[in-house]
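The values are calculated or read from the model by the stated rules, or taken from the named source; none is laboratory data. Predicted model, so just to flag it, every value in this text is computed and none were measured. Counting neighbours? That spans all protein chains shown, and the Cβs are built from the backbone with ideal geometry, glycine included. These accessible areas exclude ligands, DNA and RNA; they are computed on the full protein's heavy atoms, side chains included. Shrake-Rupley method; radii C 1.70, N 1.55, O 1.52, S 1.80 Å.
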Amino acid sequence: MALSNPEVSDTVQEQPIIGQDYLMCGSEGCEKNCLFYCNRCHLRVCKQCKDEHQKSLETQNHEVVPYRQRKRQLPVEKCKDHPTKDIDMTCEDCQIPVCSKCATQNHRKHALNDLETIYSEKFTLCLDEIYKIHQYFLPTSHDIQEDIKDNFKEIKATIDKIRTSIKAKAESLKRLVDTVASDEIEQVNKMEESLKEKLKSQDKTYQDYISYLEDLVREFHGYLSSTKVQSNPLILSQPDQLKIKPIPKSIIPVPPVFTAGQYSKEDVSKLLGRVTAPDTKPKNRKIKSMETPCTLSIHTEQQREQDREKSAMKLSLSSSVTKVREYSLPGVDNVRHISLGKSGRLWASDDCGNLVQTDLLGNLLQKIQTSGENEGYHTVTQDGDLIYTDRKNKVINKIKPDNTITKFIKTRDWEPISLHSSHINGDILVGMIKDGEAKVTRYNNTGKEIQNIQRHSKGQELYGNPHYITENINGDICTSDNKKRAVVVVNKPGQHRFSYAGQGLGFYPYGVCTDLLGHILVCSNPPFGNSLMSGDNTVRLLDQHGQFLSLILTAQLGVRFYQGLCVDDENNLHVGQGYTNTVTVYKYLQ
């Protein structure tokens with residue numbers, strides 16, 4: 001199933017190009033803007049020359065298509081065998097590219113195919129595959145990576161709980177062992193006291209018996225020393241008087257015996273508990289189907305693109321710019337940025353942090369105070385919500401239609417300075433800076449980060465200070481960078497397409513916007529407060545390939561400083577002035 005998108009052919013290029021001054025019609029003597037392309041003769045033509053091209057008898061059957069849908073021209077390469085001939089065919093039998101002379105000499109009976117047709121088909125097929133990679137495979141893989149990161153967190157949290165449980169159980173067992181040991185020791189202490197009491201009793205018995213023996217010995221000595229006969233105890237004593245009492249009997253106390261418990265590491269493990277791998281079979285991660293949300297999104301974008309192309313076919317650049325009306329915006333000192341909302345309302349800001357909402361007649365509807373300065377720091381989403389940056393706190397706030405303010409996106413340690421809400425898919429594009437570095441980050445409409453763009457394919461920094469940002473109808477991201485002094489344009493995948501730096505030294509870009517035809521409009525002025533630096537005072541018109549088309553507005557109109565730009569739903573250009581609170585509306589398309 002093909003996922004080709006008409007935008008892709010213009011968003012993918014092999015090498016970035018530098019913005020040129022003018023993409024003219026290729027017809028001789030014609031200097032009008034190129035809008036169409038002849039696939040037969042590879043000629044760029046304007047609308048008038050296209051009509052003449054298709055009326056001519058020689059070229060009336062040629063295929064002329066809008067320039068964006070042109071057939072890719074085959075690279076020019078000379079034949080090695082016939083250096084004057086270009087290789088323009090392929091031999092199906094030999095599977096080699098050949099020139100017309102080779103075909104007539106060595107491949108006369110072989111099947112030959114037009115190499116340019118094959119190349120264009122394969123080129124388109126390659127773009128389709130690139131589109132699928134960027135629209136389905138890369139986002140889906142990034143989503144799976146996010147799931148894996150979540151799994152990391154879940155596994156760590158689970159393992160931490162197990163560690164805590166093991167330690168808690170071990171402490172519980174230790175306390176239980178200490179309790180049992182304490183009880184056993186207390187029992188042993190009691191047994192010891194009982195045995196001691198018995199031994200003390202025995203010791204007293206023998207102490208008394210020893211005293212009796214000592215007394216008896218003294219008594220017997222008295223008998224032996226007597227000199228009398230009549231009262232002599234040895235002569236007149238009874239038989240029991242000379243008999244010694246027997247030694248008292250006593251028992252030997254039996255001490256308690258400690259029988260050590262028999263246990264193993266396995267027994268302790270049973271008491272503590274075990275950590276085991278579950279028998280549950282791991283489930284496969286869910287990969288969203290290419291035919292579901294992605295396809296629907298692509299079809300929706302293709303439908304929007306077709307609607308835009310139908311509207312664009314009715315439009316063309318006017319030969320002159322006409323002033324439609326002018327209005328003033330109360331509540332701001334100057335107009336540095338304009339964001340168009342729904343129902344004929346707009347938001348405008350100055351360099352003092354004042355952000356006001358008015359109708360298209362300049363009537364004030366509401367006003368808030370922000371930290372914004374001289375940059376495009378606010379935009380209106382597809383849902384009609386205003387979002388704006390808070391550089392100091394590194395967040396993006398959202399104001400809903402009921403005027404409630406919420407923190408929408410946190411940009412961590414990056415300062416958000418410019419914003420744009422995509423009219424194609426609702427993505428949020430944010431220009432950011434940090435410690436001398438700069439980047440553009442893409443978030444989806446829920447605030448999830450999905451893309452970071454910071455460097456060329458060779459590693460060089462793309463941005464210096466992307467203080468205004470917008471998106472073209474082909475998905476290109478266009479930033480006005482006053483540090484690079486250029487309009488830097490990358491395609492939707494983030495590959496650098498071109499950088500427009502003007503024709504001289506006086507190009508200092510500020511407000512930037514695009515229109516229904518894919519034009520890029522940008523203000524150019526010298527830096528504020530620096531009269532020593534030269535610079536023009538213009539609004540320039542570029543095509544979507546970075547080629548200069550014309551000056552829409554110049555200093556000759558009496559405006560001192562063009563700054564804020566936007567194109568409304570009626571294709572009118574609203575231009576805010578950098579030194580007054582005036583907005584002027586111009587008609588430049590017809």
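Among the residues of the range 349-375, just one is farther than 21 Å from Val395 by Cα and of a type in the set (Gly, Ala, Ser), namely Gly362. Within the set Ser264, Ser269, the sole residue that is closer than 30 Å to Ser165 by Cβ, surrounded by 11 or more Cβ atoms within 10 Å (Cβ to Cβ) and out of contact with any helix residue (DSSP H, G or I) (no Cβ under 8 Å at 6 or more places or on another chain) turns out to be Ser269.
Only one of the listed residues (Asn465, Asn452, Asn472) is more than 22 Å from Gly511 (Cα to Cα) and either of a type in the set (S, T, N, Q) or free of Cβ contacts under 8 Å to residues at least 12 places away in the same chain (or both). That residue is Asn452.
Of the residues making up the range 353-364, those that are open to solvent by 80 Å² or more (accessible area, probe 1.4 Å) and aliphatic (A, V, I, L, M) number 2. Only a single criterion out of (1) open to solvent by 40 Å² or more (accessible area, probe 1.4 Å); (2) part of a strand (DSSP E or B); (3) out of contact with any Gly (no Cβ under 9 Å at 6 or more places or on another chain); (4) not basic (Lys, Arg) is not satisfied by Val430, namely (1).
Kindly provide the set of residues from the range 55-89 that are assigned to a loop (DSSP other than H, G, I, E, B), of a type in the set (D, E, K, R) and farther than 23 Å from Phe123 by Cβ, ordered by number.
Filtering the range 55-89 for residues assigned to a loop (DSSP other than H, G, I, E, B) gives 56-63, 70-77, 79-85, 87-88.
With the extra rule that they be of a type in the set (D, E, K, R), the set shrinks to 58, 63, 70-72, 77, 80-81, 85, 88.
Across the range 55-89, the qualifying residues are Glu58, Lys80, Asp81.
Quick check on Tyr263: is it in contact with a Leu (Cβ under 7 Å, 6 or more places away or on another chain), modelled with pLDDT under 85 and farther than 30 Å from Phe137 by Cα? No; evaluated as a whole, the condition is false for this residue.
State the number of residues belonging to the range 500-534 that are at pLDDT below 70 and aliphatic (A, V, I, L, M). Summing the residues that are at pLDDT below 70 and aliphatic (A, V, I, L, M) in the range 500-534 gives 3. A single entry from Ser231, Ser226 fulfils the requirement of being surrounded by 12 or more Cβ atoms within 10 Å (Cβ to Cβ), outside any helix (DSSP H, G or I) and more than 60 Å from the chain's Cα centre (by Cα): Ser226. Close contacts from the range 276-288, counting a first residue that is closer than 22 Å to Ile133 by Cα and a second that is among the aromatic types (Phe, Trp, Tyr) and surrounded by 10 or more Cβ atoms within 10 Å (Cβ to Cβ), with Cβ to Cβ under 9 Å and a gap of 6+ residues or different chains, come to Lys288/Tyr136. On the basis of being surrounded by 11 or more Cβ atoms within 10 Å (Cβ to Cβ), of a type outside the set (S, T, N, Q) and outside any helix (DSSP H, G or I), does His110 make the cut? In short, yes. Of the residues making up the range 83-103, just one is modelled with pLDDT of 85 or more, over 28 Å from Cys38 (Cα atoms) and of a type outside the set (A, V, I, L, M, F, W, C), namely Gln95.
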